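Take this structure first; my questions come after.
The values are calculated or read from the model by the stated rules, or taken from the named source; none is laboratory data. All of these numbers come straight from a predicted model, not from anything done at the bench. Heads up, the Cβs are rebuilt from the backbone with ideal geometry, glycines too, and the neighbour counts pull from every protein chain shown. Accessible surface areas use protein heavy atoms only, side chains included; no ligands, DNA or RNA. Shrake-Rupley method; radii C 1.70, N 1.55, O 1.52, S 1.80 Å.
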Amino acid sequence: MDTSVKGLNKWANAHTNYGLDALRIALGIFFIYKGAHFITNNRDFEDLISPVSNFMGGMLTFHYIAAAHIMGGIMIIFGLLTRWAIIAQLPILAGAILINFFGEMHVGNLILALVIFGISSFYAFYGGGKHSADYYFKMEKIVFVPISKKALRDYF
């Protein structure tokens, strides 16, 4: 199997279905929800990262996570630059997995982070699929009609 981006796109377009698109849209909605949750419950976030707050800039991390989740979620829903949006989420998800081992263990949060990390890893390779803005813009044919100099002079 060709592992280049072009080869992955060909494979994804040949193996697409509406279930994978629905999962991609649900993943985007989940990221938007979590981004809004971070913004509205910032005290919970501060308590969550307190074990490692000396290693990370608290407010910088907070703003990166909220913005990446909301903007990435919108891009994932529409399938616009899906791989890039997912790649921006992976460090956040890795941190969500690791934070359980540094502080208090929350098994539910760990399982949720692992599941979302797995789904996101899949879409990092799969891409947006055939029913996405990526596919639409790739397949859109731009037709250039040559214009003569005389036509330009007459127009202007």
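Residue check: is Ile49 surrounded by 14 or more Cβ atoms within 10 Å (Cβ to Cβ) and either modelled with pLDDT of 85 or more or of a type in the set (Lys, Arg) (or both)? If you could, list the steps in order and put the result at the bottom.
Numbers: surrounded by 14 or more Cβ atoms within 10 Å (Cβ to Cβ): yes; either modelled with pLDDT of 85 or more or of a type in the set (Lys, Arg) (or both): no.
So Ile49 does not fit the description; no.
Can you find a residue that is touching a helix residue (DSSP H, G or I) at 6+ places or on another chain (Cβ under 9 Å), among the basic types (Lys, Arg), in a helix (DSSP H, G or I) and at pLDDT 75 or above anywhere in region 65-88?
yes
Then there is this: Given (1) open to solvent by less than 40 Å² (accessible area, probe 1.4 Å); (2) among the small types (Gly, Ala, Ser); (3) without any contact (Cβ under 8 Å) to a residue 40 or more places away in the chain, identify the lone condition not met by Gly73.
(3)
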